[in-house]
Structure formats: C-alpha cells, structure tokens
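Nothing in this text is a laboratory measurement; each read-out follows from the coordinates by a stated rule. Owing to the predicted nature of the structure, the values given are computational and were not obtained by experimental measurement. Cβ atoms come from the backbone with ideal geometry, glycine included; neighbour counts cover every protein chain shown.
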Amino acid sequence: MKLRLGLLEEFIIKKVEAEQRLSNAFAAFVVTKDGLCFVAASKVSPVRVQQNENFGGIIIGETNKDTEEMTSVFRAVCMSIQSAYSEDDVHARLVVDMMSNYLRWTIEDMDSPQATASEMLIYDMHRQVIHQIFLNGDFTEIPLGETKEKQFFVGAYSKRLRRMIAKELQKMPEVSKALKDPKLIGPVVSKLGKLTGMKFVNVIAVKRSGI
Amino acid sequence: MRRELIERAFSSIFPSPVRAPGVVHGQKINTVAQSGTTVVAFRYKDGLIMAADRKTSGGYFFIDNLEAMKIHEVAVHTGFGAAGAVAHIQLVLHELELINSSFRSRARHPLSVRGQVNYISNMIRDYSLYVCPWGLEAHSLIAGIDHEGASIYGIFVDGAVLEYPYSSVGSGSDQAIARLDQEQRQLKAGSFKEKAAIELALRAIRQAGLRDSGSSDLRTALPSVAKITYKNGFEFIDEDVLKPVVAGLVEELKS
C-alpha cells in the first residue's frame, strides 16, 4: 500500500530532485595546517561572497540561474541590513538566517515545480565559525575550535563521490605554500575535476582580511 | 528571485515598523511632560562619560519630578540620553532597547553604535513623514563603544545625525557646551582621567542648572553620571563618589 503524505510528499520530491541536480557539484571548507580555504566544483563558476570584515563565503549552484538567484538574495539581504543599521552590522549569522528561510520557502512554494539547487558555505571570521546552508533551508553552525573535523561540505550528494573527494582533499597542500606556488594545487584540482566531471574547480584561500 | 519570499525572510529579522505612541493624529495635547534637560557626553581616558540633570517639568510651568533618570543603558556598551517630550523619549528608548536585544539574539553580535543611531534616525524621520506630522520631540544623544572605538552621536528631531568628540543636548546645552568648550583640546584627545572627567561633567551640569529653568540645580538634585568603559560597559557612578564633588562645587558658588 502506498503511503500518501500530501504536501510533505511534494516537498520531499522537490528536495530530492534538487539534491540530484547538485549531486556532483560541491563546495568544501578545508582546514589545513597553516590556513583555511574554500574548494568548489560546479558546472558554472561558483560565486564568491564577501562582505566587509565579518565573514567570507561561497555560493554553488547547479546552473547560473541558481547561483544568480542566491547571489541576488544575498545582496538584497546585505542591503536591507545596511540600510536599517550599518555596514558593520552585516554579520554571518543574520545572512545565514535569512538565506536559510529563503531556501526553505522555495521548497514550500507550491507555485514553483523546482526548488533552488544552490547551497552556501559561510565562514564567520570574528567567531571562527563555519556555517553550512543546505538547499532545504537546514543550516549548521560549527565552531572550528570545538571540532576535530577538517573538511566541511555542501553539495556532493553522492556518498561514494563525497568519500572520494574527501580523500582527495586530504592531499591539499598547505595554504601559505600554495599561495606562493600555485602549481602545487594543480594536481588536486585536475583530480577533483575528473572525479566530479565539473567544468570549474576553484580553490580560494581565506585570509583574515577576506577571501 | 522571488520577491515575496525575500520580504517574508526580512520580516523575521527586523522589528515591526514605527508605532504611534498613543497620540491620535490631529488630537490636541493639553499637557506634555517635558524634560527641559541638560545631558552631556564626552570621551575620557578609559571610555565615555555621560551626565544629566534630574528635573522633569510640565512645559516650564511646574516641576514634575526631581529624581528623573535621563541617561539609560540600552546595551552593554551603549548609553542613551535625550531631551524633549517624555513620551517620545520613552518611545525612542523602548525601540532602542528592543532592537539591541533582538539584534544581539539574532546576530550573536552586539549592534554597532552607528547601527543603533542609523535605526533611530530612520525611525524619527519616518515618524514625521508617515505617522505624525509634528514628528517625535526627542533630541537624542547616543554614546557607546564598539569595535571602532568610542563614539558620540546626536540625533536631531528631524532625524539628522552628527558625530561629536563631545556634546550636549537639551535646553541647558548652551551653558554646558560652553563649559566643555573651555577644555576642548583635552576632550578631543580624550585625555581626562576618571576623577577629572566626573568633575568636568558635574561642572557643565552646574553651569546649565544655574541659568536654565528646564534643568535642575546642583543644590536641589544630585545629577546622574555614568561611565562607559571597554572593560565593564555601562555603569552609573555611585552617589557616594558624586556627593563630595558636588559639595565642593556648591561651596565654590558660595565663595
């Protein structure tokens, strides 16, 4: 007998469909010995997000439509906070809150057949916290000082692929060395490109002043 | 981008829009509790000093209260003082406390001083444009410390914002600021030590109390003085510390 869940079923279908679209694209926040970096792979170039000195982040999406939609939302969020308060008050936690609400409502919006296949990683530089925002609106808040994990993912919904990517990311060179000699990260980038089949693979170092 | 979804997301973050404080549009107000007031604020070595007199009057006709507190702690590192109609000042104060607590709980960071000033300035401007044509009669002074350091902002009744190294608001501000101007070099450098800063604040309040009918005289009411420091945030100075200084200043007048 088939279980009917009504609206919930529709939401789950939309979520699973969006996850399938994002199955190979991914963004990871990697903690190396001497620094931090974002690694992202996508069919389209991922969007870097940077707002004042409070946080840095990255948006990935299945298509340009998805990344641009979330970038527009991000800009609108920042502008609204800036106009009500000030530029210095655009904090990661507020952005995460609003973006996650938006993503949740795109799934619950029954006028649209597809959810937005886009996810985000945001690093709060003041509190040293990494936020993952998933396409169903879930988000995490992980203080780097309180976890032994070195890799934080969004996207890459294929479990097997994620294991392979994680293994590959362990070979990431130290950030300061890679900044001096970009050739060091060449092998990792090309391997990740082959694994995911994604056209764009970007590695972005995170500094204190920004990304 | 789905506009209605963004608007719903925003509504969860920002407090509700400006509310009318029980004043019906066009209704004649017979008696208004006025706070003629002198509030001063300036920088000193460890942070900021705020001081105010204690008198609330009814349109300069009668004294309503000689124990009114005119400076308030609105956030850990922010103080607020204002002159004008008491109801309007209380509305601004309430809104300021509300946004500070809601922002802190949402963002896990305190709201910057500039952010608080900007919000109140927008609120005052919107109020006069959309709610009540004669606006909010509250000339506010917000002094606080954030990651950019100590800052003092004045917000006028039309919503204009100005930043000062030292400032005073209220009917006695002319006298108070004249006293502060005598020490402007040290005030701009923020080089006063705590004891000297408290004495200067009380001197400015004394000067205003002597000449302004809206501000209380040192001889009739002990002013309220608060300090905002990087370490401990907003703290009122104890009366035991103020009394000897006030006694000395009163004695100076007699001689």
Q | Estimated 222 nm signal from helices in the protein assembly as shown, with DSSP H stretches of n ≥ 4 weighted -39500 (n - 2.57), rounded to 500 | A | -12000 deg cm²/dmol
Q: Return the long-range amide H neighbours of B:Asn65 (sequence gap of 5 or more, or a different chain), with a cut-off of under 5 Å between placed amide H atoms.
A: B:Thr56
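Can you give me the relative contact order of chain A as a percent, contacts being Cα pairs under 8 Å and 6 or more apart?
Details: 393 pairs, mean separation 64.8, N = 211.
Answer for chain A is 31 percent.
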Q: Rounded to the nearest Å, what's the spacing between the alpha carbon centres of the range B:206-248 and the range A:88-166? Just the number, please.
A: 51
Q: Go through the range A:148-204 and name the GluC sites (Glu not before Pro) that are in a DSSP coil and have 15 or fewer other Cβ atoms within 10 Å of their Cβ.
A: A:Glu149, A:Glu174
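Express as a percent, rounded to the nearest 5, the fraction of DSSP beta bridges in chain A (both residues included) that run antiparallel.
100
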Q) Does the protein assembly as shown classify as rounded, prolate or oblate by the C-alpha gyration tensor (a ≥ b ≥ c root eigenvalues; a/c under 1.5 gives rounded; else a/b over b/c gives prolate, otherwise oblate)? A) prolate
Q) Counting Lys and Arg as +1 and Asp and Glu as -1, each charge on the Cβ, what is the dipole of the range A:1-105 about the Cα centre in debye, to the nearest 20? A) 460
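Mind checking the full-extension length gain between A:Thr147 and A:Asp111? Use 0.36 nm per residue of separation minus the Cα-Cα distance, one decimal, nm. It would help to have the intermediate numbers written out before the result.
Numbers: separation 36, 0.36 × 36 = 12.96 nm, distance 4.06 nm.
Fully extending the segment from A:Thr147 to A:Asp111 adds 8.9 nm.
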Q | Prolate/oblate/rounded label for the range A:31-205 (Cα gyration tensor, a/c 1.5) | A | oblate
Q) Assuming R0 = 56 Å, what is the FRET efficiency of A:Asp34 and B:Lys243, from their Cβ-Cβ distance, to the nearest 0.05? A) 0.45
Q) Hey, any idea what the orientation-averaged projected area of the convex hull of the range B:32-254's Cα atoms comes to, in nm²? A) 11.9
Q.
Residue by residue through B:100-113, how many Cβ atoms from other chains fall within 10 Å of the Cβ on average?
A. 4
Q: Could you sort A:83-92, B:228-237 so that the peptide with the highest average Cβ count within 10 Å comes first and the rest follow in order?
A: A:83-92, B:228-237
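Given the pairs B:Lys231/B:Lys254; A:Lys65/A:Lys194; A:Lys14/A:Lys150, which are separated by over 28 angstrom at their Cα positions? Don't skip to the end; give the middle numbers.
Working: B:Lys231/B:Lys254 39 Å; A:Lys65/A:Lys194 24 Å; A:Lys14/A:Lys150 31 Å.
Going by Cα-Cα distance, B:Lys231/B:Lys254; A:Lys14/A:Lys150 fall outside the 28 Å limit.
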Q: Distance between Cα centroids, the range A:3-35 to the range B:50-101: provide it in whole Å.
A: 51
Q. In nm, to one decimal, how far is the modelled label at B:Ser102 from the one at A:Thr140, with both set 7 Å along Cα→Cβ?
A. 3.1
**Q.** Separation of the A:Glu68 and A:Glu53 label points, Cα + 7 Å toward Cβ, nm
**A.** 3.5
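Among the listed pairs A:Lys43/A:Lys177; B:Lys195/B:Lys243; A:Lys167/A:Lys191; B:Lys70/B:Lys227; A:Lys33/A:Lys148, which are separated by more than 19 Å between their Cα atoms?
Numbers: A:Lys43/A:Lys177 28 Å; B:Lys195/B:Lys243 13 Å; A:Lys167/A:Lys191 11 Å; B:Lys70/B:Lys227 14 Å; A:Lys33/A:Lys148 12 Å.
Listed pairs above 19 Å: A:Lys43/A:Lys177.
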Q) If you count, for every residue in A:78-90, the Cβ atoms of partner chains within 10 Å of its Cβ, what is the mean? A) 6
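Compute the FRET efficiency between A:Gln170 and A:Lys194 as 1/(1 + (r/R0)^6), taking r as their Cβ-Cβ distance and R0 = 25 Å, and round to the nearest 0.05. It would help to have the intermediate numbers written out before the result.
Values: r = 17 Å, r/R0 = 0.67.
So the FRET efficiency works out to roughly 0.90.
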Q. With contacts defined as alpha carbon pairs under 8 Å and 6 or more residues apart, what's the relative contact order of chain B in percent?
A. 26
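Based on alpha-carbon atoms only, what is the radius of gyration of the range A:104-211 relative to the globular estimate 2.2 N^0.38 Å?
Numbers: Rg = 16.1 Å, N = 108, 2.2 N^0.38 = 13.0 Å.
With N residues counted in the range A:104-211, Rg over 2.2 N^0.38 Å equals 1.24.
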Q: With a ≥ b ≥ c taken as the square roots of the eigenvalues of the C-alpha gyration tensor of the range B:33-145, please select rounded if a/c is under 1.5 and otherwise prolate if a/b is larger than b/c or oblate if it is not?
A: oblate
